[in-house]
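Asker: Pasting in a structure now, in structure tokens, and then I'll have a few things to ask.
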Amino acid sequence: MTSKKIQEWQKTIQSIKEELSQLGDMRPGSLSEQYNVCGNPTCRCKDPKNPQKHGPYHQLSYTHKGKSTTEFVKKDKVAEMKRQIRNYQTFKTLTEEWVELSVKIGKLRKKIPAS
Ligand SMILES: [Zn+2]
């Protein structure tokens, strides 16, 4: 039955809403590790045979409102940042699912004859 299908999808949307309300802090973007050389010519990072660059430094890169940004993330904040990035991905997945279901419901409703 058509209306039963709609009810089912609405139930799924309801659980998506509940999951969304449980989400904590979030950040878009991805983390990467960088290794740098410094300005000291006698430093280990400039060793001609076995250069050991400084790092890793953690960076968060993301695009927001059409602008791409990179910011450094302190070592002790990396775990928390990873958690927030995961939250953002969950947020994206859930909202996409919600939109998809809404579109499906809308399409199916058009097929139901008005009584
Ligand atoms: Zn150095």
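The values are calculated or read from the model by the stated rules, or taken from the named source; none is laboratory data. Given the structure is predicted, the values throughout are model-derived calculations rather than measurements. Cβ sites come from the backbone with ideal geometry, for glycine too, and all protein chains shown count toward neighbours.
Asker: Considering each of LYS17, LYS46, LYS4, LYS11 in turn, give the residue that is of a type in the set (D, E, K, R) and within 28 Å of LYS75 (Cα to Cα).
Answerer: After ruling out the rest, the residue left standing is LYS46.
Asker: Going residue by residue through region 37-46, is there one that turns out to be among the aliphatic types (A, V, I, L, M), out of contact with any Phe, Trp or Tyr (no Cβ under 6 Å at 6 or more places or on another chain) and within 16 Å of the ligand (Cβ to nearest atom)?
Answerer: Yes: one or more hits.
Asker: So PRO56 ticks every box in (1) farther than 30 Å from SER102 by Cβ; (2) surrounded by 13 or more Cβ atoms within 10 Å (Cβ to Cβ); (3) modelled with pLDDT of 95 or more but one. Which box is left unticked?
Answerer: Condition not satisfied by PRO56: (3).
Asker: Only residues that are surrounded by 12 or more Cβ atoms within 10 Å (Cβ to Cβ) and in contact with a helix residue (DSSP H, G or I) (Cβ under 9 Å, 6 or more places away or on another chain): list them for region 31-53, please.
Answerer: Hits for region 31-53 are LEU31, TYR35, VAL37, PRO51, GLN52, LYS53.
Asker: With respect to the numbered conditions (1) surrounded by 14 or more Cβ atoms within 10 Å (Cβ to Cβ); (2) away from the ligand (no atom under 16 Å from the Cβ); (3) charged (D, E, K, R), which one is the sole condition not fulfilled by GLU71?
Answerer: (1)
Asker: Any idea how many residues of region 76-115 are of a type outside the set (S, T, N, Q) and farther than 19 Å from HIS58 by Cα?
Answerer: Adding up the residues that qualify gives 21.
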